[in-house]
Amino acid sequence: MPRRIVALFAFLLPAAPAVAADDLLQWMPREARFVFVADRPREVIETLQSLPPLQAAKSFPQVRAVYESPGAKQFFQLLSHYEMELGAKWPELLDKLAGGGIAFGFDVLQDPAPTLLVVRGTDEAATAKALAILVHVVEDDGQTKVTHSTRHGAETVAIGPDLVLARVGPLVYVANKPAILDAGLALAESKNPADSVTANPTVAAAKAAVGPHPLAWAWLDFAAVKRTPKGKDFFENTRKDLFQTLVFGSSADAARRSDYLAAGFTRTADGLRFQLTLPAKRAELAKELGIHVPPVGTPGSLPLLEPTGVVYSQSFYLDLGKLWTDRKTIINDEVRGQLEKAEKQISRLLPGTTLGKLLQEAGPYHRIVFGYTGENLYATEPGRPIPVPAYVLSTRDPKFSKSMDGVLRTAALLAGGQFGGLKQHEEVIDGIHVVEYRFNEKPTKPVDDPDGIRFNLEPCFAAVGDSFVVAGSPGLLKKLIPELKKPAAGGSPAVWRNKIYGAGGAAFLTAHPDPIITETVLSQGVGLAEAKRQVAGLTTWLATLGTAEITIEHGKDAYTLKVEWNYK
């Protein structure tokens, strides 16, 4: 080891006494309004490395390019240097240098935010030596100014204008501003819990909310965020804007009622889960936002539709009938006036009904699905293939389906002129009367559809029990009818669910590989055979990804958003 490293190692080693092995956040100063914690860094990396789909992704040229980039090569060279100098491979080194955890915190109320990284090792001598090597590498590079000083009795090293490091026993502090570093070092010196972020009781509540043994977790002081001008403006505007109310009104309301946000990242039996929690009680949800959340004891959403070849499925609760009935309390006067005016204009085009009546006759449960059906709908190939969509709406009143029949027939007549005519056909599928429309493949005048997207679709609609379905093809509708005929037992407490299916995506790509092959040839400059090989590999890999699902639930004591990936 070079002499300068030995000297610097000796200089850094006699720092403050070693700290106790307890809550890592006791060394994070109270100035932090956001913290991210990984108590077991080695487990995080080994978990990600153990997931088969992520390992398989390394064979793709795009991923290999990342590993072969100058930055990645420099990182691996530095890692090899550390392994040689410290006499251990990276998993053991990670335990020595960060086995006590990593905490990252910053003050969200300031811009730019004072930021502090706290790394706790299990081997003080290895920590000091590793820090000395790092400083030596930077000094030898000669491109960045390195300054040594002492702060709060700890030896510190400033690297350039925006990075300051210090060591206190097995703790290493890394900051972007001297002030936040001083706060951390003062805390290490005083060991006063009142000066640490743990003095905020919502930190402990957030840690409990994420559950036991997360790979990593985070806390945000949402009470402080809400006091900022931007925070106040966001919540005020959300309540005033109809679109924002419809899209995420209940989620914004949950945030408005929460003093903290907790997030956890966890390994599951077959994948990974990310969960965001807000301590917002369901009973305290604003009454007008019942458009998003059904009464207690009622399913939050109906089961996802999962026909063969499904690529994407979504199910959610949105009571537009309640929105119209209670519009005087939900919508402000200005927007309500505009909506009522638009309702009158639209209603003139609706045969035998009004938009207001349709909204009240419709049900609150919505389901959307995209799938690969394998149908060859036209002799003309679409220039840009897309999965076939379908939209399913629950109904409160049978009149809705009859009204929508007339509405959609009228809409088809109006749309026919835009697409060179639509040919109507009606048939009975599994006892259900289905109305279908085909696009004219030889229109007499140009159609504004250069990619031929319309040839992916043969629009159709039908009433199935207490559901009304509009589908992109008879084949998809035929697949959905048996599912819709079954009683929607159980449902889910989640008011919003969506799911992506790797197998469905692989089936679609297998049937329509040409656009991706062309893009591969053009972007990488490879031959056709190589492009086909890469796309075939991508297709095989997609099939191994399993499913990824996002859910939102307004529970009794908390609002939760979950993102879960299951690769099996």
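For residue 281 paired with residue 440, estimate the spin-label separation in nm (one decimal), with each label point 7 Å from Cα along the Cα-to-Cβ line.
Output for this residue pair reads 6.4 nm.
I need the shape label for the stretch 462-545. Rule: rounded when a/c is under 1.5, else prolate if a/b > b/c, else oblate, with a, b, c from the alpha carbon gyration tensor.
Prolate is the answer for the stretch 462-545, as a/c is 1.5 or above and a/b outweighs b/c.
Which of the trypsin sites (Lys or Arg not before Pro) found in the stretch 215-268 are in a DSSP loop and have at most 15 neighbouring Cβ atoms, other than their own, within 10 Å?
Loop-located and lightly packed - 227.
So if we plug the beta-carbon distance of residue 43 and residue 143 into 1/(1 + (r/R0)^6) with R0 = 30 Å, what FRET efficiency do we get, rounded to 0.05?
For residue 43 and residue 143, the calculated efficiency is 0.25.
List the relative contact order of the chain as a percent without decimals, with contacts defined as Cα pairs under 8 Å and 6+ residues apart.
13 percent
Just from the alpha-carbon atoms, what are the Rg and Dmax of the stretch 390-470 in angstroms?
14.1, 42
What angle, in degrees between 0 and 90 and rounded to the nearest 10, separates the Cα long axis of helix 178-190 from the longest principal axis of the Cα atoms of the chain?
Helix 178-190 sits at roughly 60 degrees to that axis.
Per DSSP helix of 4 or more residues, -39500 (n - 2.57); summed, then divided by the residues of the chain. What does that give at 222 nm, rounded to the nearest 500?
Result for the chain, helices only: -12000 deg cm²/dmol.
Ignoring ligands, DNA and RNA, what accessible area per residue does the stretch 352-425 give at 1.4 Å, in Å²?
Roughly 51 Å² per residue, with all protein chains present.
How high is the FRET efficiency between residue 51 and residue 514 when r is their beta carbon distance and R₀ equals 25 Å, given to the nearest 0.05?
With R0 = 25 Å, the Cβ-Cβ based efficiency is 0.25.
What FRET efficiency comes out for residue 66 versus residue 523 if R0 is 25 angstrom and r is the Cβ-Cβ distance? Round to the nearest 0.05.
0.95
Given a cut-off of 20 Å, name the pairs among 240/341; 479/562; 485/568; 207/562 whose C-alpha atoms lie farther apart than that in the structure shown.
Going by Cα-Cα distance, 479/562; 485/568 fall outside the 20 Å limit.
Would you work out what percent of the accessible area of the chain, with all protein chains in place, is carbon or sulfur (probe 1.4 Å)?
Exposed carbon and sulfur together represent 59 percent of the surface.
Report residue 90's accessible area, 1.4 Å probe, all protein chains in place, as a number in Å² to the nearest 10.
Accessible area, nearest 10 Å²: 70 Å².
Let me know the Rg and Dmax you get for the stretch 342-431 when you use only its Cα atoms, in Å.
Every Cα atom of the stretch 342-431 included, Rg and Dmax give 16.0, 42 Å.
Between the stretch 361-423 and the stretch 109-165, what is the C-alpha centre distance in whole Å?
61 Å
Farthest toward the dipole's positive end in the chain, which of 222, 413, 447, given Cβ charges of +1 (Lys, Arg) and -1 (Asp, Glu) about the Cα centre?
The one lying farthest along the dipole's positive direction is 413.
Let me know the shape class of the stretch 73-186, please: from the alpha-carbon gyration tensor, a ≥ b ≥ c as square roots of the eigenvalues, rounded when a/c is under 1.5, otherwise prolate if a/b is greater than b/c, or oblate.
prolate
How large is Rg over Rh for the chain, taking Rg from the Cα atoms and Rh as the Kirkwood inverse mean of 1/r across Cα pairs?
1.05
Give, in nm to one decimal, the length gained when the segment between residue 376 and residue 125 is fully stretched (0.36 nm per residue of separation minus the Cα-Cα distance).
83.5 nm
Distance between Cα centroids, the stretch 204-283 to the stretch 491-506: provide it in whole Å.
For the stretch 204-283 versus the stretch 491-506, the Cα centre distance is 22 Å.
Within the stretch 440-479, what residues put their amide N at less than 20 Å from the label point 7 Å along the Cα-to-Cβ vector of residue 486?
Answer for this model: 463-470, 475-479.
Relative to the longest principal Cα axis of the chain, at what angle does helix 474-485 sit, 0 to 90 degrees, rounded to 10?
It is inclined by approximately 80 degrees.
The values are calculated or read from the model by the stated rules, or taken from the named source; none is laboratory data. Fair warning: this is a prediction, and the values are worked out from it, not measured in the lab. Cβ sites come from the backbone with ideal geometry, for glycine too, and all protein chains shown count toward neighbours. Heavy atoms of the whole protein, side chains included, go into the accessibility calculation; ligands, DNA and RNA do not. Shrake-Rupley method; radii C 1.70, N 1.55, O 1.52, S 1.80 Å.
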